[in-house]
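The values are calculated or read from the model by the stated rules, or taken from the named source; none is laboratory data. Everything numeric here is computed off the predicted structure, so don't read it as measured data. Using ideal geometry, Cβ is built from the backbone for each residue, glycine included, and neighbour counts are taken over all protein chains shown.
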Amino acid sequence: MKMPSCGDFECGHHDSIAVMDATMAALDPEQAPVVVIANRGLAVRIEDGHLSTEERAREAKFIRQEDRQRFRTTHFLKRRVCAAFTGIQPERMNFGTGWNNKPYLKEFTGLFAFNLSHSGEWGGIAAAKANALGFDVQAAIELADFPMSEIMHPLDCIRANSPASAALVWAVKEAVTKANGIGLGYALKKLCIKRTSDDAVKSVQLLGQQWFVRHGLLADGSAIAVAMNTWVQMEKIQLLEVKF
């Protein structure tokens with residue numbers, strides 16, 4: 001099931017930033033969370049100056065080109081989307097990681113949460129005027145190569161019987177652990193995915209706290225999921241895909 005979309009926008013080599021910023025400006029971050037995704041191929045159009053020195057150093061450590069592309073694409077989106085929410089210029093941003101493993105923007109102290117993810121052909125960010133948010137994108141999972149028993153709960157309402165549905169289970173649970181900040185070591189099979197009144201929203205309990213997760217599938221079978229602790233914002237999530 002597809003998330004509500006605010007429309008796609010095309011990015012040319014020279015005007016991609018202007019078009020993207022204009023599209024973001026048309027949104028209302030005060031009212032709705034935003035998910036922005038892009039194919040990793042966007043990386044070839046992103047100049048070095050759009051990343052910090054530290055980000056470029058981290059990018060250079062990746063051996064595989066596809067890993068570098070995912071990293072560059074995701075962190076470019078991070079700076080543009082955070083600028084739309086906070087009004088801070090992208091080149092002036094400094095980021096950190098809190099005690100709960102969640103990223104934050106050092107220059108902004110208002111109500112704001114964001115989360116990054118990349119997998120397969122995709123990189124993206126979810127952001128909202130909220131105190132907690134988790135986001136995950138997961139490429140389709142080949143069942144023969146992946147031990148789904150390590151992440152499936154016996155009562156999960158989503159059954160991992162295809163590459164796309166397996167990716168969906170993973171993305172939903174990862175989004176919850178990232179929203180909570182518990183870290184990568186938590187056993188995902190402890191989390192049970194339950195139905196809600198909305199087919200595109202699931203409920204997951206983690207350490208006594210309820211999380212709502214809106215999820216969807218991309219055209220190539222990759223899954224995306226956004227977790228928040230309030231139901232109200234679930235129906236308002238806006239999905240944007242950067243096309244180039």
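Taking the range 124-236 and the strands (runs of 3 or more DSSP E) fully enclosed by it, the elements with 1 or more residues that are farther than 18 Å from Val35 by Cβ and either touching a Lys or Arg at 6+ places or on another chain (Cβ under 9 Å) or among the hydrophobic types (A, V, I, L, M, F, W, C) (or both) are at 193-195, 201-206. Taking residues in the range 58-81 that are acidic (Asp, Glu), and partners anywhere that are surrounded by fewer than 19 Cβ atoms within 10 Å (Cβ to Cβ), the pairs with Cβ atoms closer than 8 Å and at least 6 places apart or on different chains are Glu59/Arg68. Taken over the range 96-108, residues that are more than 20 Å from Asn229 (Cα to Cα) and either more than 17 Å from the chain's Cα centre (by Cα) or acidic (Asp, Glu) (or both) amount to 4. Of the residues Leu184, Leu207, the single one that is at positive phi and modelled with pLDDT under 95 is Leu207.
So which of Phe112, Phe108, Phe62, Phe76 ends up being touching a Phe, Trp or Tyr at 6+ places or on another chain (Cβ under 7 Å) and farther than 21 Å from Leu184 by Cα? The conditions single out Phe112. Would it be correct to say that Val232 is touching a helix residue (DSSP H, G or I) at 6+ places or on another chain (Cβ under 9 Å) and of a type outside the set (Ser, Thr, Tyr)? Against the criterion (touching a helix residue (DSSP H, G or I) at 6+ places or on another chain (Cβ under 9 Å) and of a type outside the set (Ser, Thr, Tyr)), Val232 does not qualify. Considering Asp15, Asp28, Asp8, the condition of being surrounded by fewer than 18 Cβ atoms within 10 Å (Cβ to Cβ), modelled with pLDDT of 70 or more and either over 21 Å from Ala225 (Cβ atoms) or under 20 Å from the mean Cα position of the chain (by Cα) (or both) is satisfied by Asp28 alone.
Would it be correct to say that His75 is assigned to a helix (DSSP H, G or I) and either at pLDDT 95 or above or out of contact with any strand residue (DSSP E or B) (no Cβ under 9 Å at 6 or more places or on another chain) (or both)? Against the criterion (assigned to a helix (DSSP H, G or I) and either at pLDDT 95 or above or out of contact with any strand residue (DSSP E or B) (no Cβ under 9 Å at 6 or more places or on another chain) (or both)), His75 qualifies.
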